[in-house]
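Remarks on the structure that follows.
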Amino acid sequence: MDKCIACGLCAEKCPKKVTNAFDAGLAKRKAIYVEYEQAVPLKYAIDENCIYFKNGKCKACEKFCPTGAINFEDQPKELTINAGAVLIAPGCAVYDPGLYDTYGYKKSPDIVTSLEFERILAATGPFGGHLVRPSDHKKPKKVAWIQCVGSRDMHPGSQPYCSGVCCTYAIKEAIIAKEHEKGELDTAIFYIDIRTHGKDFERYYNRAQAVGVRFLKSKISSILPSETGNLRIDYTDKAGLRVEEEFDMVVLSVGFTASHKALDLAQKLGVETDQYQHALTSSFNPVRTTKPGIFVCGTFESPKDIPQSVIESSASAAEIEALLAESRESMTLTKETPEEIDVKGDPPRIGVFVCNCGTNIGGFLDVPDVVKFAKTLPSVVFVEDNLFSCSQDTQEQITQVIKEQNLNRVVVAACTPRTHEPLFQETVTNAGINKYLFEMANIRNQCSWVHSNDSAAATEKAKDLVRMSVARAGLLEPLYDPEMEVNQSALVIGGGLAGITTANNLAQQGYVTHLIEKSDVLGGQALNLYETWQGEDVQKKLAGLIKAAEADKNINILTNTQIKEVSGFVGNFQTTVETAGTEQVIEHGVAIIATGAQEFKPDQYLYGEDQRVLTGLELDRKLIDDNLALNEIRTAVFIQCVGSRIEERPYCSKVCCTHSVKNALKLKQLKPEMDVFVIYRDMRTYGLREDLYREARAKGVAFIHYDFDKELVVSKNQNDLNVRCTSYVLQREVEINPDLLVLATPIVPPRENPVASLFKVPLNDDGFFVEAHVKLQPIDFATKGVFVCGLAHSPKPVDEAIAQGLGAASRAATILAKDTVQISSLVSQVDVEKCIGCGLCDEICAFNAIILEDPEGKGYKAKNIPASCKGCGLCAASCPQQAIDMLHFRDQQIIESVCAAM
Amino acid sequence: MADFEPKIVAFLCNWCAYAGADLAGVSRLQYPSNIRPIRVMCSGRVDPLFIVKAFKEGCDGVLVAG
C-alpha cells in the first residue's frame, strides 16, 4: 500500500468491468479501483471480481503498475491489538425496495432510490451531474419523492421505526434538483408527516415550500409504468380522496435497516441489541453498550443524522478518555529532528525537483523541457527530475542533495501540497532546512491530469507554475511554530444536564473544572422533567449526576454565579465571575457554553387564566409530585406546536411531540378510561420514538391532524373548557371539552445572552448558538477553545444533551491534554507603525484573533492573537493602511507569484 | 481574435476551490490550460491590489474562487 501513488494506470488497463456500488449500481468501474475520488488513503484495491483471482491469469495491473505496488500473494493477516476500550461504529444498512417490490422499483429504471438520485445529482456521478432519468437519459419534467419507504412500516422487510433523516434529505434533493433545472422542474414530496426536527431544518422546509416544492400528505396505493412511458402514482390524499398523477421519475426515500455485519460484530463482542438490532444504550449513557469498556456511536445505536453521529463520536471519545485517563500518553513516542541551519540573510540557493509521477506527469507533458526551463530561472542552482519524488529513496536523495548543494530553498514540482506538502517539509527538515522554506508547484492535479489532451499547453503551464513557485520560494522566510502554555483547566458555564455531564467527564479525565451556575441549584431544565421517552426516572438520574459532581474534588461548583468579563484566548482565558456580590478571576484553558434554554410560556389558549391549562413541563411537575387530580379528569387534550413553527418562531423544538405522546400514554396508563386527544400538525416522533406513537394509537389515544390554516379556538363555556379545530381526516370541525389541556410550547433561549458577546461567539436568528459547522463541527465554535452543548445549541432531548455534553468534554480535552498548544505560523502580523487604529480588522475577524489595544494611551493599535488566528488573511486584505501582512502568504510573496505567472 | 488565448490568474482558497481543482484532477476532468492558480489560505486574503497588479502585469482575467 505504501508504494501505490494512485496514478490510476492499473484501473485503466484492467480488463474487468464491474458494477459500481458507490454509484448505486448506475455505472461501471474496474475490478481494481478506488471507491471514490476523495477516499483516504487514496490507494487502489482489487476486489473479488478480479480475473486473476477467478482464472489464475491476467495480472495486467501488476504488469503496468509503475511502482510495483501490486502484490497478488498478499494474504489476510490476523492482528492482535491490546486495547483498554473498544468503540464500535459499524453503521447500518439501507432498505432495499426491490426485496418486496411494493413500489415497482424493479418494474422501471426510472424508479430510483434516494441514494441513486444522490449519485445522479453528483458531478462525479454516472451522468456527470446532469439530471437525467436512467431509462432514456432525458431530462425529467416532473419528479416525485415517496417518503417512508421501508420505514414506519409494519410489512415484512420494512422497519417500524422512523429513520429520522429522509424528510430532510428528500427536501434537499428536491431543492437541488430544482436549482439544477433553474426552477423548470416540478417536484412533489409524498409524505405521512414531514419530520424536519433538526436544527434549522424547519427553515429549510419552509424554503422548499417557498421555491415551489409541492408537499402532499398522502397514502400511496401504487406506482406503475403508464402507456406514455412515464410513471403513474395512485394515492389517497389527506382528505381521503383517490388521486392519480403522472411523473417522469420517482425517487424512493429509503430508510435505514439493520446491518447483518454490524449484528455479527455485536454478537462477537457480546454487546446486546434491541428488537431492531441496534446496540442497547440508555438515555443517560447514550454511547455505552451493555458491555463495560465497549462504546458505540452512529446509526448502529439508533437511526440518526450526521451532526448527531459526529456528536456521539466525540461523546464516545470522552467516555474512553475518562476510562483510560491513567494510561494517557503512556505509549506516546516523540520524534527527533536534526538541528536547523540558519539561512537568514543568505542569498537564495533554490533546488527544483520535477516529479514524473511515473507517467502521470511525464506521460502528458515534457518533463525534460520543464527541467531545462527551471535551470534558467534566477537563484536556481540545482534541478533534477525524479521518477517519483515522494518515494522513500528519492526523499533520502533530496535530503542528500540539499546538503551537498547547500540549498536553502526547495521547490518540488509534483502533485498537490494539500496531500504532499507535509511529507516534503519533513524531507527538508531532515536536511536542516526550515519547513517554511519549501514550496510546491502543482503540475499533476492542476496540470497534467486536466490537460492530458494537449501536451504542449500542459508543458507551458507547468513551466509557468514552476516559475511562479521559484519566484515565491526566493522570498520565503524561516518561521517557527510558537508554543504557548496551556492552563489545563476548564470553565463550564451552565449547570444543567449538559454542563454537569461535561464537568463530570472532564473531572474524571483529571482536569480541574469550574462549573458555574446562574441559579442557586444545579440541574437546569432537567429538574422539571418526569421521565425520558425510554421511561427512565429523570429526577433519580439527575440527582446521581449532581452528587457525583459535588463529590469530585476536581470540580469547583459555583452557584448564584454570573460572568462579568472575559479576556484571553485558547489555553489562557481569564474570566471574572461574580458570586453573591463577590468577584473573582478564574484562569482556564477552555470554556464550554451550556447556558441552556427554557420552556416558552404562552399567552393564548387560556393559559394563565384557567388552571386546567398547563404547559408540557407543568404536567411533568404534577407527575413528579404525584398531585394530578386524576379523578377529575375524564378528557385530556394535548395541543402541539403552540408558539412553534410560526413566523415569529420558525423552528421546531424537536422534543414536544415525543413528550406529549409519552405523557398521553402515561395518562392512559394511570386511568385507562380517560379520553386522550393529541392535536398536531406533523407528528415528529423521530427515530425509535415512533414506537411510542404506535403504542399510543394502539392504546386508544386519538390523534387529530388539524388544518393549521383554519383557526384552533380554546374557549370557556360557563365552566367547561372547549377546544375547536378542523380535522383533515374528517374534513370538518371537531369540538372537545377537556378537563386537562396541555400546551406543547417551544424551547426558547434567553432573550439576552451576555455569554455570546463576552466570548464573541455567534447566535442565530432564534437565539441559539451557532456552531463552527452544522454537520462536521457541531460542538466547536470558529473561535478556538470555546465549545457548546445542550439546549444552548438547539432544542434536544435528554440523551442528545448528554451526548453533546460528553462530546464537549472530549473536544475540550484535545486542548487540555497538552501542556502547550502549538500555534500555526501562518498568522497575521501587524506593523504598529503603519496602523492607524481604525479597527476594521477587529470588526471583520471572525475568530477574535485581532483586537484593538491602547497600551500607552497614545491611540489605538491593532494587536494580533496568534493562538486564535486561522490565517485567512481577511484583515490583511482589508487593512486600508496595509499595516497587516500574513506570514508565509505575504503581499510580496503573492505578488511575486502573480508577476511570474505572466 | 480567433486564436486569442487569455491568461487567467486564479486565486484559489486552500480549503475549497483549491481542493476542488485537485479533485478535478483526480476525476481527470479536462479544461482549458489558461489558468495559473495561486493558492491562498482563504479567498478573503485576496487584496484588491493583487487583482489590479495581475491586470497591470498583462493578465486577461482574474478568478477568485472560495
Pick from the stretch A:260-273, criterion open to solvent by 20 Å² or more (accessible area, probe 1.4 Å) and touching a residue at least 40 places away in the same chain (Cβ under 8 Å), ranking: nearest to A:PRO160 (Cα to Cα): A:HIS260
Output for the stretch A:858-869, where each listed residue is farther than 17 Å from A:LYS784 by Cβ and open to solvent by less than 50 Å² (accessible area, probe 1.4 Å): A:GLY859, A:ALA862
Subset of the stretch A:858-878 [more than 9 Å from chain B (Cβ to nearest Cβ) and either on the phi < 0 side of the Ramachandran plot or part of a strand (DSSP E or B) (or both)]: A:LYS858, A:TYR860, A:LYS861, A:ALA862, A:LYS863, A:ASN864, A:ILE865, A:PRO866, A:ALA867, A:SER868, A:CYS869
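If you scan the stretch A:454-468, which residues turn out to be among the small types (Gly, Ala, Ser) and within 10 Å of another protein chain (Cβ to nearest Cβ)?
Once the filter is applied, which keeps residues that are among the small types (Gly, Ala, Ser) and within 10 Å of another protein chain (Cβ to nearest Cβ), the stretch A:454-468 yields A:ALA456, A:ALA457, A:ALA458, A:ALA462.
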Identity of the residue in the stretch B:43-66, within 7 Å of another protein chain (Cβ to nearest Cβ) and either on the phi > 0 side of the Ramachandran plot or of a type in the set (Lys, Arg) (or both), that ends up least open to solvent (accessible area, probe 1.4 Å): B:ARG45
Unique residue being out of contact with any Asp or Glu (no Cβ under 8 Å at 6 or more places or on another chain), within 30 Å of A:LEU280 (Cβ to Cβ) and at pLDDT 95 or above when the list is A:ILE493, A:ILE500, A:ILE586, A:ILE516: A:ILE500
Selected residue (only one of A:VAL401, A:VAL367, A:VAL371, A:VAL381 is β-branched (Val, Ile, Thr), surrounded by 21 or more Cβ atoms within 10 Å (Cβ to Cβ) and more than 14 Å from chain B (Cβ to nearest Cβ)): A:VAL367
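Please specify each residue of the stretch A:274-298 satisfying the condition of being among the aliphatic types (A, V, I, L, M) and open to solvent by less than 60 Å² (accessible area, probe 1.4 Å).
Within the stretch A:274-298, A:ALA279, A:VAL287, A:ILE294, A:VAL296 meet the criteria.
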Subset of the stretch A:274-306 [in contact (Cβ under 8 Å) with a residue 12 or more places away in the chain, assigned to a loop (DSSP other than H, G, I, E, B) and hydrophobic (A, V, I, L, M, F, W, C)]: A:PHE284, A:VAL287, A:CYS297, A:PHE300
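Residues are listed down the side, and each one gets a yes or a no for (1) more than 12 Å from the chain's Cα centre (by Cα); (2) open to solvent by 30 Å² or more (accessible area, probe 1.4 Å):
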{"residue": "B:PHE4", "(1), (2)": "yes, yes"}
{"residue": "B:VAL9", "(1), (2)": "no, no"}
{"residue": "B:CYS13", "(1), (2)": "no, no"}
{"residue": "B:ALA17", "(1), (2)": "no, no"}
{"residue": "B:ALA21", "(1), (2)": "no, no"}
{"residue": "B:GLY25", "(1), (2)": "yes, no"}
{"residue": "B:ARG28", "(1), (2)": "yes, yes"}
{"residue": "B:ASN34", "(1), (2)": "no, no"}
{"residue": "B:PRO37", "(1), (2)": "no, no"}
Subset of the stretch A:843-857 that is closer than 21 Å to A:VAL761 by Cβ and part of a loop (DSSP other than H, G, I, E, B) - its residue that is least open to solvent (accessible area, probe 1.4 Å): A:ALA849
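Looking at the stretch A:795-804, can you tell me whether even one residue there is under 20 Å from A:PHE573 (Cβ atoms), modelled with pLDDT of 95 or more and open to solvent by less than 10 Å² (accessible area, probe 1.4 Å)?
No, every residue in the stretch A:795-804 fails to be under 20 Å from A:PHE573 (Cβ atoms), modelled with pLDDT of 95 or more and open to solvent by less than 10 Å² (accessible area, probe 1.4 Å).
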Qualifying residues in the stretch B:22-42 (those that are within 14 Å of A:ASN445 (Cβ to Cβ), in contact (Cβ under 8 Å) with a residue 24 or more places away in the chain and not basic (Lys, Arg)) - the one nearest to the other protein chains (Cβ to nearest Cβ): B:PRO37
Residue within the stretch A:749-765 that is open to solvent by less than 50 Å² (accessible area, probe 1.4 Å), under 22 Å from A:ILE306 (Cα atoms) and of a type outside the set (Gly, Ala, Ser) present: yes
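The values are calculated or read from the model by the stated rules, or taken from the named source; none is laboratory data. Fair warning: this is a prediction, and the values are worked out from it, not measured in the lab. Virtual Cβ from ideal backbone geometry, glycine too; neighbours counted across all protein chains shown. Just the protein is used for accessible areas: all its heavy atoms, side chains included, with ligands, DNA and RNA removed. Shrake-Rupley method; radii C 1.70, N 1.55, O 1.52, S 1.80 Å.
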